[in-house]
Amino acid sequence: AVPRTRILATGGASHNKKILQVLSDVFNAPVYTIDTANSACLGSAYRAIHGLVAETNVSLADVVKLAPEPRLAVTPATGVEEVSKP
């Protein structure tokens, strides 16, 4: 089953496991990263390609099929859901 919430971390902080663990614990969600430098630029490039092929009714999902797969970096610590409940 795919979790309802997941976090995709990019940029310099995505290389710091402690920061990723805090994100995971606070949001009680798994955190994924991608092994691509300049991920914001990559996202912009995919949007540009999507714009170029817009007349062909190709979806953005189809354009990004070749994008690198995010990999699981960290999951919430055991018991964290008890802390985050109202």
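The values are calculated or read from the model by the stated rules, or taken from the named source; none is laboratory data. Quick caveat, the model's predicted, so the values are computed rather than measured. Counting neighbours? That spans all protein chains shown, and the Cβs are built from the backbone with ideal geometry, glycine included. All accessible areas refer to the heavy atoms of the entire protein, side chains included, with ligands and DNA or RNA removed. Shrake-Rupley method; radii C 1.70, N 1.55, O 1.52, S 1.80 Å.
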Among residues belonging to the range 1-52 that are under 16 Å from Arg71 (Cα atoms) and charged (D, E, K, R), point out the one that is modelled with the lowest pLDDT.
Asp35
Scanning for something open to solvent by 40 Å² or more (accessible area, probe 1.4 Å) and touching a residue at least 40 places away in the same chain (Cβ under 8 Å), does the range 48-55 turn up at least one residue?
no
Looking at the range 23-47, which of its residues are open to solvent by less than 90 Å² (accessible area, probe 1.4 Å) and among the hydrophobic types (A, V, I, L, M, F, W, C)?
Leu23, Ala29, Val31, Ile34, Ala37, Ala40, Cys41, Leu42, Ala45
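Yes or no, residue by residue, for (1) outside any helix (DSSP H, G or I); (2) within 19 Å of Arg6 (Cβ to Cβ); (3) polar (S, T, N, Q):
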position	(1), (2), (3)
Thr36	yes, yes, yes
Leu42	no, yes, no
Ile49	no, no, no
Glu55	no, no, no
Val58	yes, no, no
Val64	no, yes, no
Pro68	yes, yes, no
Leu72	yes, yes, no
